[in-house]
Protein chains: 4
Amino acid sequence: MANSEFEYVRKFEEWDALAPSNWIVVRIDGRGFSKFSKRQSFAKPNDRRAIDLMNAAAVEVVKQFTDIVIAYGQSDEYSFVLHEDCQLFERRAAKLATSISTAFSVEYCMQWDKYFPGQALERPFPTFDGRCVLYPKKKILRDYLSWRQADCHVNNLYNTTFWNMVKGNPATETPPMTTTEAELALKGTFSADKNEILFKKFNINYNAEDEIWKKGSVVYRKFEDKQTTEAATSGNQIVKPADDHEKKKPKSKTQLEKERKRKQKARVVVEHVDIIKDKFWQENPWILE
Amino acid sequence: MANSEFEYVRKFEEWDALAPSNWIVVRIDGRGFSKFSKRQSFAKPNDRRAIDLMNAAAVEVVKQFTDIVIAYGQSDEYSFVLHEDCQLFERRAAKLATSISTAFSVEYCMQWDKYFPGQALERPFPTFDGRCVLYPKKKILRDYLSWRQADCHVNNLYNTTFWNMVKGNPATETPPMTTTEAELALKGTFSADKNEILFKKFNINYNAEDEIWKKGSVVYRKFEDKQTTEAATSGNQIVKPADDHEKKKPKSKTQLEKERKRKQKARVVVEHVDIIKDKFWQENPWILE
Amino acid sequence: MANSEFEYVRKFEEWDALAPSNWIVVRIDGRGFSKFSKRQSFAKPNDRRAIDLMNAAAVEVVKQFTDIVIAYGQSDEYSFVLHEDCQLFERRAAKLATSISTAFSVEYCMQWDKYFPGQALERPFPTFDGRCVLYPKKKILRDYLSWRQADCHVNNLYNTTFWNMVKGNPATETPPMTTTEAELALKGTFSADKNEILFKKFNINYNAEDEIWKKGSVVYRKFEDKQTTEAATSGNQIVKPADDHEKKKPKSKTQLEKERKRKQKARVVVEHVDIIKDKFWQENPWILE
Amino acid sequence: MANSEFEYVRKFEEWDALAPSNWIVVRIDGRGFSKFSKRQSFAKPNDRRAIDLMNAAAVEVVKQFTDIVIAYGQSDEYSFVLHEDCQLFERRAAKLATSISTAFSVEYCMQWDKYFPGQALERPFPTFDGRCVLYPKKKILRDYLSWRQADCHVNNLYNTTFWNMVKGNPATETPPMTTTEAELALKGTFSADKNEILFKKFNINYNAEDEIWKKGSVVYRKFEDKQTTEAATSGNQIVKPADDHEKKKPKSKTQLEKERKRKQKARVVVEHVDIIKDKFWQENPWILE
């Protein structure tokens, strides 16, 4: 029973390496999460435990994969950004997508008890699908992240208004609506309209809402001590953006290993800040360098 | 802060539907499992708890995804076969690969305690990479499965001999070897040689070893009562192999839903049988029909 | 000025080999041919010189590429079928598509004078786009060819009726229509309606029309002498369809070379026959073997 | 004979649009040109008629496809560069590769008589394969072009030396070599060695050789009158490189049509200049803008 006569089937495996010099985003999404969140009675419009769990899982994934330069999450989705020069798994698409989505899914389930104590997980256990998308320029990658953050804001404003309408507010004599009624009432409204509804009927100043809901969550490595910051910056200066006219020297194995260790030591932070404007990127120039 | 100006980034997402009328195999592999199995002190050459856990996870995945027609596992890998006409997730490669690999990884971690009680999981938690491979003909799919099962046999014979040599056998005055010595001693040996070493030095008749090690594990739905079997068979007769000259009628939604329910009710079994010869397939004709 | 510092750009080239064990169809289409055929005053509904030129070009392409097992053409399109085991150019998609489409385009232009004497070609010269499509089963490949031939019939019946209406028929006092009027008049009509219009108003029995218009053109190698036929058949029996349960032996280089020479010697024929029904394939079993 | 029952075969066609915001190079290569050039007795090391024909064909292709921003050719190859924002044929890979390679092949054959009068083309007629390669950054595209031009120089220095050695030089008492001898003699030599051989034995100053052989051929649109140049420049300023932080406005249909017409009117030039250094690109800034 030799396996040689069957080995020809290997020819059917396709090589799926992603094109070089493109930023890789692995985006994961909760599978069947509208059902799952109902079954687990997530608070509406936002459940702090659920988002804290998402962020805790993301932090572990960023720690485990030092090639991830930044991650952005909101609701039941997370985007993990790999550097355009990343060589992890030889840039094989399926390997990257499944490694990150399995690591995230497992973290989510294993940490569940900590965030939802006494509330057991049942089958089907929560999992997260993933896929790789390539962005050929830094500018387009930033637009991708801006798109997700703008989407977070738009959804959150809608959901905040919607769920308040469903709950109603006796103080302003606003009766509870059915979900269908609320949906209908919000159809065609603009941001300004929703802000006004919130303010007048629910006494909510949307701008004063927690940043975590309005901005989502940004996860990245923080290099704070002067020395490390300099090392980071100078280390990264070697990897100039490809549009630069100077030549890129590929890093030596020792350099790469050193860098990996430095990254493993760095503190991974979760912040709820604007990543659409330039300020964040100017303050953390090494992230996309 | 509208998200419309950023929406152009969606154009960078590629549509990755797999070619129609091809059998889809989602093969998953334990990530870094040689390290993991050492850390968790898996028994050598085979750890029954570890394989039982693999199989328990596979059973749940087969139950959850009714499009899986059969699965085959050995060591830290599992192959899940989706029917050539499967339309799950519109046949999108990343969606299929990540859904199945995350479901399996999560099951593995969540059931760990049951199979390794008192032996905690530590980070990095075990996960399984996955990828899709297409096989255009039933015959080639069977060759793929034969390849994996032949591989199981070849590896198991090697590992059984190797680990016995490392342990040594006082009864035959066979001293323990280092792993390097054993590796060297086995270099260039044929199956017959290994069988003889096992028999003469370790009093082991390889043919009498447990089928689970020699054949690996086959997971599939069993339709036992006469009625269901007939229903299964006649139901499946509608899906004639594409090489048939009669016309295929696509199933109606009601039919598909009925079939899904029937599958959900069916008993999912784990067997350690030969799937290289025709016998298994003749006894279970509906699997690939 | 060494080129070594720039060689990294080769990494951007993707390997585009087509999946094994799939029939490859290279389909070519005239680029901008509705304009071109007007400029060159092609007869309507069909121009015999134009089709003869298409077929002459196809014959040369079939002669040049011995991996083509059959070709089917109609109007300004041609489909060239490569065997599912074809290894030409390592099955690279771009190489196959451009080799065949350039060979066809060049033949078309170089033979133009013979079919359209005294009617010079002007820029932009006629060219034919091409693309590869994979069909995983023989049955599906035949359905593809049936699709093209059924399309030929449907289009030809329409065009024959349409252009007769535009010309009108004094004998039956049928006045000429504008193209818009004819289009409108034919909207929603069935085959039977068009057959009747042709018969009653234009005294045309559609069934008696030339087969070349109704069936299109089939180009293939004819092995007529008994000996060669047997050789062909037995030669091809080595390449059993993959669904067969016997093992396939890959052909030796000598065998392949011998077969190539035999093919080069074979007569390439153009026929206007039905390839939807089984008869043609039963009479020429070696074509898809 | 409806074609509806066969239409399902269309699902096997894959959508092959190239990733947005990437420079597209369609590179064509003469198929079997070492054989062809021998059969047609091309002069060695370089045949002026053959290169003039290549360039004449390229000029027509550039004229026909206004989306081509620049082309570079040497020996029997040509690279046609399409702008990163090019939308021609919806960026479908097969369509782009076959359109350009068929247009080039046809031009080459149709203009053959002009450059090789009285020297008939025979079957197989010369054709050119093609493929698309994507370059995500302007810098990398320039490196690609530099790679081809450096390759031209390296090959030409080698070929010039090689063929002179094969011919021999009585004036310096250098006897003719066989091709095998010359090959052997040149093995392991550096540029400096070849320069010296040429100078000492063949009285050839390589630097004084014609630029057409040392640099290859650059084909592009020249906008010379002040007004047009400004229009070109300002027109192109709208299409800022994507790394720019200002927003890109997609051009209107009228703008695109106007631009196409302006391009059709522009003079297409063939130059033999350095495109590795910045000078050329600084003098013709609109090419890659």
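The values are calculated or read from the model by the stated rules, or taken from the named source; none is laboratory data. Just so it is clear, the structure is predicted and the values come from calculations on it, not from any experiment. Here Cβ is always computed from backbone atoms with ideal geometry, including for glycine, and neighbour counts include all displayed protein chains. Ligands, DNA and RNA are stripped out before the accessible areas are found, and what is left, the full protein with its side chains, is counted by its heavy atoms. Shrake-Rupley method; radii C 1.70, N 1.55, O 1.52, S 1.80 Å.
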Report summary line: Of the conditions (1) under 21 Å from B:Lys137 (Cα atoms); (2) facing chain A (nearest Cβ under 9 Å); (3) not acidic (Asp, Glu), the single one that B:Leu88 does not satisfy is (2)
Report task. Would you be able to tell me the number of residues in segment B:52-64 that are open to solvent by 10 Å² or more (accessible area, probe 1.4 Å) and within 13 Å of chain A (Cβ to nearest Cβ)? Result -> 5
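Within segment A:201-216, count every residue that is among the basic types (Lys, Arg) and either in a loop (DSSP other than H, G, I, E, B) or loosely packed, with under 12 Cβ neighbours inside 10 Å (or both). Don't jump to the end; show me each part of the working.
Applying the first criterion (among the basic types (Lys, Arg)) to segment A:201-216 yields A:201, A:214-215.
So of that shortlist, the ones also either in a loop (DSSP other than H, G, I, E, B) or loosely packed, with under 12 Cβ neighbours inside 10 Å (or both) come out as none.
Going through segment A:201-216 one residue at a time, the tally reaches 0.
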Report task. Give me the pairs, please: first residue somewhere in segment A:38-52 and touching a residue at least 60 places away in the same chain (Cβ under 8 Å), second residue anywhere and open to solvent by 30 Å² or more (accessible area, probe 1.4 Å), beta-carbon distance under 6 Å, and either six or more positions apart or on two chains. Result -> A:Lys44/A:Trp163; A:Pro45/A:Asn159; A:Pro45/A:Trp163; A:Asn46/A:Trp213; A:Arg49/A:Tyr115; A:Ala50/A:Phe42; A:Asp52/A:Tyr115
Query raised in the report: Which condition number does C:Val25 fail, the rest of (1) in contact with a helix residue (DSSP H, G or I) (Cβ under 7 Å, 6 or more places away or on another chain); (2) in contact (Cβ under 8 Å) with a residue 60 or more places away in the chain; (3) open to solvent by 10 Å² or more (accessible area, probe 1.4 Å) being met?
Result: (3)
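Would you pick out the residues in segment C:30-51 that are within 13 Å of C:Tyr115 (Cβ to Cβ) and surrounded by fewer than 18 Cβ atoms within 10 Å (Cβ to Cβ)? Steps first, answer last, please.
As a first pass, look at segment C:30-51 and keep what is within 13 Å of C:Tyr115 (Cβ to Cβ): C:40, C:42-43, C:47-51.
C:Ala43, C:Asp47, C:Arg48, C:Arg49, listed by residue number.
Here's a check for you: in segment A:262-289, which residue that is part of a loop (DSSP other than H, G, I, E, B) and of a type in the set (Val, Ile, Thr) is least open to solvent (accessible area, probe 1.4 Å)? Walk me through how you get there before you give the answer.
Initial filter on segment A:262-289 (part of a loop (DSSP other than H, G, I, E, B)): A:266, A:272-278, A:284, A:289.
Narrowing further to those that are of a type in the set (Val, Ile, Thr): A:273, A:275-276.
Details: A:Val273: 47, A:Ile275: 1, A:Ile276: 35 Å².
Step by step, filter segment A:262-289, then rank; the result is A:Ile275.
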Report summary line: (1) touching an Asp or Glu at 6+ places or on another chain (Cβ under 7 Å); (2) of a type in the set (Ser, Thr, Tyr); (3) assigned to a helix (DSSP H, G or I) all hold for C:Ser21 apart from (3)
Query - Flag if B:Leu141 is within 14 Å of chain C (Cβ to nearest Cβ), touching a residue at least 12 places away in the same chain (Cβ under 8 Å) and touching a helix residue (DSSP H, G or I) at 6+ places or on another chain (Cβ under 8 Å) - result: no
Requested in this report: Looking at (1) within 30 Å of D:Gln255 (Cβ to Cβ); (2) open to solvent by 40 Å² or more (accessible area, probe 1.4 Å); (3) modelled with pLDDT of 95 or more; (4) of a type outside the set (Val, Ile, Thr), find the lone condition where D:Arg221 falls short.
Outcome: (2)
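Across segment C:159-177, what is the number of residues that are in contact with a Lys or Arg (Cβ under 7 Å, 6 or more places away or on another chain) and not in a strand (DSSP E or B)?
Initially, segment C:159-177 is screened for residues in contact with a Lys or Arg (Cβ under 7 Å, 6 or more places away or on another chain), giving C:161, C:163, C:169, C:172, C:174, C:176.
If we keep only those that are not in a strand (DSSP E or B) as well, we get C:161, C:163, C:172, C:176.
Qualifying residue count, segment C:159-177: 4.
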Requested in this report: Hey, can you tell me all the residues within segment A:157-179 that are surrounded by 15 or more Cβ atoms within 10 Å (Cβ to Cβ), under 31 Å from the mean Cα position of the chain (by Cα) and polar (S, T, N, Q)?
Outcome: A:Asn159, A:Thr160, A:Thr161, A:Asn164
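Determine which member of the set C:Leu134, C:Leu96 is of a type in the set (A, V, I, L, M, F, W, C), in contact (Cβ under 8 Å) with a residue 40 or more places away in the chain, away from chain B (no Cβ under 14 Å) and in contact with a helix residue (DSSP H, G or I) (Cβ under 8 Å, 6 or more places away or on another chain). Can you show your working first?
On the way: C:Leu134 fails: away from chain B (no Cβ under 14 Å).
Going through C:Leu134, C:Leu96 in turn, just one is of a type in the set (A, V, I, L, M, F, W, C), in contact (Cβ under 8 Å) with a residue 40 or more places away in the chain, away from chain B (no Cβ under 14 Å) and in contact with a helix residue (DSSP H, G or I) (Cβ under 8 Å, 6 or more places away or on another chain): C:Leu96.
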Query raised in the report: Looking only at segment D:1-27, which residues are more than 8 Å from chain C (Cβ to nearest Cβ) and of a type in the set (A, V, I, L, M, F, W, C)?
Result: D:Trp15, D:Ala17, D:Leu18, D:Ala19, D:Trp23, D:Ile24, D:Val25, D:Val26
Query raised in the report: Looking at segment C:79-104, which of its residues are over 20 Å from C:Lys253 (Cα atoms), assigned to a helix (DSSP H, G or I) and either open to solvent by 40 Å² or more (accessible area, probe 1.4 Å) or among the hydrophobic types (A, V, I, L, M, F, W, C) (or both)?
Result: C:Ala93, C:Ala94, C:Lys95, C:Leu96, C:Ala97, C:Ile100, C:Ala103, C:Phe104
Query - Failed condition for D:Ala182, given (1) among the aliphatic types (A, V, I, L, M); (2) assigned to a helix (DSSP H, G or I); (3) open to solvent by 60 Å² or more (accessible area, probe 1.4 Å) - result: (3)
Query raised in the report: Going by the conditions given, is C:Val154 open to solvent by 20 Å² or more (accessible area, probe 1.4 Å), assigned to a helix (DSSP H, G or I), at the interface with another protein chain (Cβ under 8 Å from one of its Cβ atoms) and closer than 26 Å to C:Asp210 by Cα?
Result: yes
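Please go through segment C:108-122 and pick out each residue that is farther than 16 Å from C:Arg27 by Cα and either more than 7 Å from every other protein chain (Cβ to nearest Cβ) or among the aromatic types (Phe, Trp, Tyr) (or both). Step through it out loud before you land on a result.
Start the filter on segment C:108-122 by keeping residues that are farther than 16 Å from C:Arg27 by Cα, which leaves C:109-122.
If the condition is that a residue be farther than 16 Å from C:Arg27 by Cα and either more than 7 Å from every other protein chain (Cβ to nearest Cβ) or among the aromatic types (Phe, Trp, Tyr) (or both), then C:Gln111, C:Trp112, C:Asp113, C:Lys114, C:Tyr115, C:Phe116, C:Pro117, C:Gly118, C:Gln119, C:Ala120, C:Leu121, C:Glu122 are the ones that fit.
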Query raised in the report: Could we say that B:Ser41 is hydroxyl-bearing (Ser, Thr, Tyr), out of contact with any His (no Cβ under 8 Å at 6 or more places or on another chain), farther than 27 Å from B:Ser146 by Cβ and within 11 Å of chain A (Cβ to nearest Cβ) here?
Result: no
Query raised in the report: In segment C:66-78, which residues are surrounded by 24 or more Cβ atoms within 10 Å (Cβ to Cβ), without any contact (Cβ under 8 Å) to a residue 60 or more places away in the chain and not hydrophobic (A, V, I, L, M, F, W, C)?
Result: C:Tyr78
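Residues checked against (1) among the basic types (Lys, Arg); (2) modelled with pLDDT under 85; (3) under 24 Å from A:Tyr72 (Cα atoms):
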{"site": "A:Thr189", "(1), (2), (3)": "no, no, no"}
{"site": "A:Lys194", "(1), (2), (3)": "yes, no, no"}
{"site": "A:Ala208", "(1), (2), (3)": "no, no, yes"}
{"site": "A:Val239", "(1), (2), (3)": "no, yes, yes"}
{"site": "A:Glu271", "(1), (2), (3)": "no, no, yes"}
Report summary line: Matching residues in segment B:113-131 (more than 18 Å from A:Ser105 (Cα to Cα) and in contact with a Lys or Arg (Cβ under 8 Å, 6 or more places away or on another chain)) number 2
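Might you check whether a residue that is at pLDDT 95 or above, surrounded by fewer than 20 Cβ atoms within 10 Å (Cβ to Cβ) and within 11 Å of chain C (Cβ to nearest Cβ) occurs anywhere in segment D:123-131?
First, the residues of segment D:123-131 that are at pLDDT 95 or above: D:123-131.
When the remaining residues are screened for being surrounded by fewer than 20 Cβ atoms within 10 Å (Cβ to Cβ), the result is D:123-124.
The next check asks that each one be within 11 Å of chain C (Cβ to nearest Cβ); those that pass are D:123-124.
Within segment D:123-131, one or more residues are at pLDDT 95 or above, surrounded by fewer than 20 Cβ atoms within 10 Å (Cβ to Cβ) and within 11 Å of chain C (Cβ to nearest Cβ).
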Report task. Confirm whether B:Gln111 is surrounded by fewer than 24 Cβ atoms within 10 Å (Cβ to Cβ) and closer than 16 Å to B:Trp23 by Cα. Result -> no
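Answer yes or no as to whether C:Asp52 is part of a strand (DSSP E or B), within 30 Å of C:Lys167 (Cβ to Cβ) and modelled with pLDDT of 95 or more.
Answer is no for this residue.
Quick check on this structure: which one of B:Glu246, B:Glu259 is in a helix (DSSP H, G or I), over 17 Å from the mean Cα position of the chain (by Cα) and at pLDDT below 90? Show your work before the answer.
On the way: B:Glu246 fails: in a helix (DSSP H, G or I).
Just one listed residue meets the conditions, B:Glu259.
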